[in-house]
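Below is one structure, written out as structure tokens; the observations come after it.
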Amino acid sequence: MRALSVSLSFIEKLWHRFRSTGKCAAHPHGGGRTRLLKNDEQLIRAAVAEQPDLTLAELVSQVAGETNKPKVSLETMSVELQRLSLPRKKR
């Protein structure tokens, strides 16, 4: 086991997987996080088009108020604006 630089528990888990499934392959990737603002894309686009000088905080408050969802962080809104290729105002 030390010659392979793996732990005993890894070998045991691999052996158990092989005995139960007949395969040694790794399990498929579980996926990533879902975007919090995924369903609010049109609302964000409309808000920025209507008032392009909104700050991130104002935009977060406006989206939360119109969707009745909890407020997201400024970072989350900033990332969403970048993903949508929309301008943003920091302060």
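The values are calculated or read from the model by the stated rules, or taken from the named source; none is laboratory data. None of the values given here were measured: they were computed from a predicted structure. So basically every Cβ, Gly included, is an ideal-geometry build from the backbone, and we count neighbours across all protein chains shown.
Here's the yes/no breakdown for (1) among the aromatic types (Phe, Trp, Tyr); (2) more than 13 Å from Leu37 (Cα to Cα); (3) touching a residue at least 12 places away in the same chain (Cβ under 8 Å):
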residue	(1), (2), (3)
Glu50	no, yes, no
Thr55	no, yes, yes
Ala64	no, no, no
Asn68	no, no, no
(1) aliphatic (A, V, I, L, M); (2) part of a helix (DSSP H, G or I); (3) within 30 Å of Glu75 (Cα to Cα): which one isn't true of Ile11, the others all being true? (3)
Any chance region 17-24 includes a residue that's under 21 Å from the mean Cα position of the chain (by Cα), of a type in the set (A, V, I, L, M, F, W, C) and either modelled with pLDDT of 90 or more or surrounded by 13 or more Cβ atoms within 10 Å (Cβ to Cβ) (or both)? no
Quick check: anything in region 27-39 of a type outside the set (Ser, Thr, Tyr), assigned to a helix (DSSP H, G or I) and touching a residue at least 40 places away in the same chain (Cβ under 8 Å)? no
Is it the case that region 67-89 has a residue that's surrounded by 14 or more Cβ atoms within 10 Å (Cβ to Cβ) and basic (Lys, Arg)? yes
What is the number of the single condition among (1) of a type in the set (Asp, Glu); (2) modelled with pLDDT of 90 or more; (3) over 20 Å from the mean Cα position of the chain (by Cα); (4) loosely packed, with under 10 Cβ neighbours inside 10 Å that Asp53 does not meet? (2)
Only listed residue being at pLDDT below 90, out of contact with any helix residue (DSSP H, G or I) (no Cβ under 9 Å at 6 or more places or on another chain) and either exposed (fewer than 11 other Cβ atoms within 10 Å of the Cβ) or charged (D, E, K, R) (or both), chosen from Arg45, Arg33: Arg33
